[in-house]
Amino acid sequence: MPQRPPDVTPRIVQGDLPDDLLATYLASKEVAIDTETLGLQTLRDRLCLVQLCDRAGNGAIVQITRDRLTPGGSGPCRTPNLKRLLEAADVLKIFHFARFDVAAMSHWLGIRVTPIYCTRTASKLCRTYTDRHGLKDNVLELLDIEMDKQARHTDWSATTLSPEQVRYAISDVTMLHALMDKLQFMLERDGRAELARRCFEAIPVHADLDIAGFNLLFEH
Ligand code: MN
């Protein structure tokens, strides 16, 4: 029987990361990050939440209020603490499908995320025996955990998040450290860790291409 995701009760904050949480996350080697938006079109659908979790299980949900957004670089960044953490060179930021989150935070917050680990990219490089690279499929196979994805299609701009939204939003970051460990082991075993590292470095370029409207630039 698969297990349930770890029980992490996140701190829910508005606007930006508070100073004490910034200090906590800056002291960690790796922080898992996810975002929720109003949809899949980065230029149309605004960023609503940034979820974070460190390896010790300190979880947070930052509700990005409208006054913090600077679409397309319209003004200086209005989430300076998030910017400081997400651009900190000595804190690895772990995502599942980083390309989307990195584009959203670049466009809506003016943040250039680095350095990046993407568990979806890692999964595609080592789990070549399947075409199922979603987070749900990865954690079920590699961590034996069954995720509940029911709250996915909800209004993430709501002033008050429902308990289901909170549980769903934080569960997208509470397992990324453990998943990264499993995938990194597989990448090293298969001699693809260096290729993966170079792919992670290329993710901001792909995010920039998405924002600039270039689809499939590398396709024939
Ligand atoms: Mn998510």
Report task. Name the longest site-free stretch of the chain, where the excluded sites are GluC sites (Glu not before Pro) in a DSSP loop with no more than 16 other beta-carbon atoms within 10 Å. Result -> 1-86
Report task. Heavy atoms only, probe 1.4 angstrom, no DNA, RNA or ligands counted: give me HIS107, HIS220, HIS206 ranked by accessible area, highest first. Result -> HIS220, HIS206, HIS107
Report summary line: Summing -39500 (n - 2.57) over every DSSP H run of at least 4 residues in the chain and dividing by its residue count gives a helix-only mean residue ellipticity at 222 nm, to the nearest 500 deg cm²/dmol, of -12000 deg cm²/dmol
Query raised in the report: What is the antiparallel percent of DSSP beta bridges lying wholly in the chain, to the nearest 5?
Result: 50 percent
Report summary line: Note: ARG44 to ILE211 extended length (0.36 nm per residue) minus current alpha-carbon separation gives 59.1 nm
Query raised in the report: Given the pairs LYS83/LYS182; LYS93/LYS136; LYS29/LYS149; LYS83/LYS124, which span a C-alpha to C-alpha distance of over 23 angstrom in this model?
Result: LYS83/LYS182; LYS29/LYS149; LYS83/LYS124
Requested in this report: Just tell me, in residue order, which DSSP H segments of the chain are both 15 angstrom or longer along the helix axis (alpha-carbon based) and at least -0.5 in mean Kyte-Doolittle hydropathy.
Outcome: 98-109, 176-189, 193-212
Requested in this report: Select from GLN184, GLN41, GLN150 the residue whose mean-square fluctuation is largest in a Gaussian network model of the chain (Cα-Cα springs shorter than 10 Å).
Outcome: GLN150
Query raised in the report: Can you give the relative contact order of the range 11-212 as a percent, counting alpha carbon pairs under 8 Å and 6+ residues apart?
Result: 24 percent
Query raised in the report: Taking the C-alpha atoms of the range 1-56, how large are the radius of gyration and the largest Cα-Cα span, Dmax, in Å?
Result: 14.0, 41
Report summary line: GNM of the chain, Cα pairs under 10 angstrom: of ALA103, ALA60, ALA178, the biggest fluctuation goes to ALA178
Query raised in the report: Stokes-Einstein at 10 °C, 1.306 mPa s, Kirkwood radius from Cα pairs: D for the range 129-197 in µm² s⁻¹?
Result: 114 µm²/s
Query raised in the report: Summing +1 for each Lys or Arg and -1 for each Asp or Glu, what net charge is found among the other residues whose Cβ lies under 11 Å from the Cβ of CYS199?
Result: +4
Query raised in the report: Can you pull the semi-axes for the chain, root of five times each eigenvalue of the Cα gyration tensor, sorted largest first, whole Å?
Result: 25, 21, 17
Query raised in the report: Hey, any idea what Rg/Rh is for the range 35-81, computing Rh the Kirkwood way over Cα pairs?
Result: 1.02
Query raised in the report: In nm, to one decimal, how far is the THR9 label point from the ARG198 one, both placed 7 Å along Cα→Cβ?
Result: 4.8 nm
Query raised in the report: Within the chain, what's the longest stretch lacking chymotrypsin sites (Phe, Trp or Tyr not before Pro) that sit in DSSP loops with no more than 16 other Cβ atoms inside 10 Å?
Result: 1-128
**Report entry** Mean separation of Cα contacts under 8 Å, 6 or more apart, over the residue count of the range 93-175: relative contact order %
**Finding:** 22 percent
Query raised in the report: Percentage of Cα-Cα pair distances in the range 77-174 greater than 19 Å, rounded to whole percent?
Result: 54 percent
Query - Loop-resident sites, the range 36-75, for trypsin sites (Lys or Arg not before Pro), counting at most 12 other Cβ within 10 Å (DSSP) - result: ARG44
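The values are calculated or read from the model by the stated rules, or taken from the named source; none is laboratory data. As the structure is a computational prediction, the values presented were derived from the model and not from experiment. Every residue, glycine among them, receives a Cβ derived from its backbone with ideal geometry; neighbour counts consider all protein chains shown. Side chains are part of the model used for accessible areas, which takes the heavy atoms of the whole protein and leaves out ligands, DNA and RNA. Shrake-Rupley method; radii C 1.70, N 1.55, O 1.52, S 1.80 Å.
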